[in-house]
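Asks: Sharing a structure with you now.
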Amino acid sequence: MSKAASLTGTILNRTCRNNVYPKSDVKRFPVPNEYIQWCVPYAEYAPPTYTAPHISSQVWADPDINSSEFKPKWGQIDGNINRASFNGFYEIDNNGCPINPVGRTGLRGRGLLGRWGPNHAADPIVTRWKRDAEGKIVTSPQSEKNILQMVAIQRHDNKMWAIPGGMVDPGEKVSTTLKREFIEEALDGSGTAEQEKIEQFFAKGTEVYKGYVDDYRNTDNAWMETVAYNFHDNDGTQVGKIQLTAGDDAAAVRLLDLNKNIELHANHIDIVKKVVDMLNAHW
């Protein structure tokens, strides 16, 4: 159906297929790899429809798609809500629902997501070089490249390590989200003592990814997208020296050595690899 799906459908939607939807007993309709793309006919495709019961009553969530008061402006800024997709154009089906631009997920509805269509997040990838007790950068004996560390949080829901990001609030600048989420999740919201240092550190960053996220919550009608920025503490004197403390949204926080053997939430590993390549670090 969509141009984006024909380009990326075969490599994404790995996480959000062929399983039971989280925090429910709803089983997704099976979607073999060859049927991910909407442009490939799949006559048997009959996914269940599910939106978590508590979602529609939340002040931060869209109303039910059939509500007479819900008149969204798809694919654009709608008031203070961003309904545009980084993947570009996305179609609307005969029921008035946005169609996932990457492809089939085995489930219709909104699931656990607040918005119909794209749900926008921001991910701060905070990195530093690994150093020994004497402060010297540690290199890998295999690649002879410097080992890069990332501030990672452990998620409560699936216990996987992840970038400490979060949702962009309506009308909020992405730069504000990046800083807020890092302080909330990796510093337990207690950034006051180091506020000036944090402000300076997050004033400059490099965008490394903007697009679809292969998130386990995605459905045929609602999906996650993110903007990811790298904030690198090259000499280890900035955020690299701040005491990390897991916030309420994180089970744990740590400096994680980056290499090809680690497992991260969603497709965070693909995003992090872009930073590794950019800094020519060990992988």
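The values are calculated or read from the model by the stated rules, or taken from the named source; none is laboratory data. Just so you know, these numbers come straight off a predicted model, no measurement behind them. Note that each Cβ is placed from the backbone with ideal geometry, even for glycine, and that neighbours are counted across all protein chains shown. Each accessible area value is taken on the protein alone, full model and side chains, heavy atoms only, with ligands, DNA and RNA left out. Shrake-Rupley method; radii C 1.70, N 1.55, O 1.52, S 1.80 Å.
Asks: Suppose every Lys and Arg Cβ carries +1 and every Asp and Glu Cβ carries -1, with no other charges. What dipole size does the chain come out with about its Cα centre, to the nearest 20 debye?
Replies: Result for the chain is approximately 460 debye, rounded to the nearest 20.
Asks: Work out how much length Gln200 to Asp270 would gain on full extension: take 0.36 nm times their residue separation and subtract the Cα-Cα distance, in nm to one decimal.
Replies: Answer, rounded to one decimal: 22.5 nm.
Asks: Then there is this: Averaged per residue, what accessible surface does the chain expose to a 1.4 Å probe, in Å²?
Replies: About 49 Å² of surface per residue is accessible.
Asks: Cα extents of the chain along the three principal axes, largest first, in whole Å?
Replies: The Cα atoms of the chain stretch 63, 41, 32 Å along their principal axes.
Asks: I've got another one for you. Taking every alpha carbon pair in region 1-149, what does the distance histogram look like in 10 angstrom bins from 0, in percent?
Replies: Bins of 10 Å from zero give 10, 31, 28, 14, 13, 5, 0 percent of pairs.
Asks: Taking amide hydrogens as modeled 1.01 Å from N in the peptide plane, which residues meet the under 5 Å criterion relative to Asn82, leaving out close sequence neighbours?
Replies: Correct list: Gly171.
Asks: Could you let me know the centre-to-centre spacing of region 207-283 and region 18-35, using Cα atoms, in angstrom?
Replies: Cα centroid of region 207-283 versus Cα centroid of region 18-35: 26 Å apart.
Asks: Using θ = phi - 60° and the Karplus curve 6.51 cos²θ - 1.76 cosθ + 1.60, what whole-Hz ³J(HN,Hα) does each residue of region 71-84 get, with Gly and Pro shown as x?
Replies: Those phi angles translate into 10, x, 9, 5, x, 7, 6, 10, x, 10, 9, 8, 9, 7 Hz.
Asks: For region 188-262, with the dipole built from +1 on Lys and Arg beta-carbon atoms and -1 on Asp and Glu ones, taken about the Cα centre, which of Ile262, Asn218, Tyr229 lies farthest toward the positive end?
Replies: Going by the Cα projections, it comes out as Ile262.
Asks: Need one number: the % of Cα-Cα pairs in region 136-265 sitting beyond the 25 Å mark.
Replies: 28 percent
Asks: Can I get the semi-axes of region 49-94's equivalent ellipsoid? Compute them from the C-alpha gyration tensor as square roots of 5 times the eigenvalues, in angstrom, largest first.
Replies: 20, 14, 11
Asks: Right, next: Would you calculate a helix-derived [θ] at 222 nm for the chain, using -39,500 (n - 2.57) for each DSSP H run of n ≥ 4 and dividing by the full residue count, to the nearest 500?
Replies: Computed mean residue ellipticity for the chain: -3500 deg cm²/dmol.
Asks: Obtain the nm distance between the two label points defined at Ser56 and Ile77 by a simple spin-label model: each point lies 7 Å from its Cα along the Cα-to-C-beta direction.
Replies: Going by the 7 Å Cα→Cβ label model, 3.1 nm.
Asks: Given the Cα-Cα distance of Asn234 and Ala133 and 0.36 nm per residue of separation, how much length would full extension add, in nm?
Replies: 34.7 nm
Asks: I would also like to ask the following. If you plug each phi of region 135-141 into the Karplus form 6.51 cos²θ - 1.76 cosθ + 1.60 with θ = phi - 60°, what whole-Hz ³J(HN,Hα) values come out, in order, with x for Gly and Pro?
Replies: Using θ = phi - 60°, the values come out as x, 8, 5, 8, 10, 7, x Hz.
Asks: Now for a different question. Tell me, what ³J(HN,Hα) does each residue in region 242-252 have, in order and in whole Hz, if you take phi through Karplus 6.51 cos²θ - 1.76 cosθ + 1.60 with θ = phi - 60° and put x for Gly and Pro?
Replies: With the stated coefficients, region 242-252 comes to 6, 5, 7, 9, 5, x, 4, 7, 10, 7, 6 Hz.
Asks: Ranked highest first by average number of other Cβ atoms within 10 Å, how do 264-275, 139-150 line up?
Replies: Ranking, from highest mean packing down: 264-275, 139-150.
Asks: Carbon and sulfur atoms: what percent of the 1.4 Å accessible area of region 34-167 do they account for?
Replies: Looking at region 34-167 in its full context, I get 50 percent from C and S.
Asks: Under the rule of at least 5 residues apart or a separate chain, name every residue whose amide H is placed under 5 Å from the amide H of Tyr209.
Replies: Ala228
Asks: Excluding same-chain residues fewer than 8 positions from Lys73, which lysines have a Cα within less than 26 Å of its Cα?
Replies: Cross-link targets: Lys3, Lys173, Lys210.
Asks: Enumerate the amide H contacts of Gly117 below 5 Å, restricted to partners 5 or more residues apart or on another chain; note that Pro and chain-start residues carry no placed amide H.
Replies: Amide H neighbours of Gly117: Ala222, Trp223.
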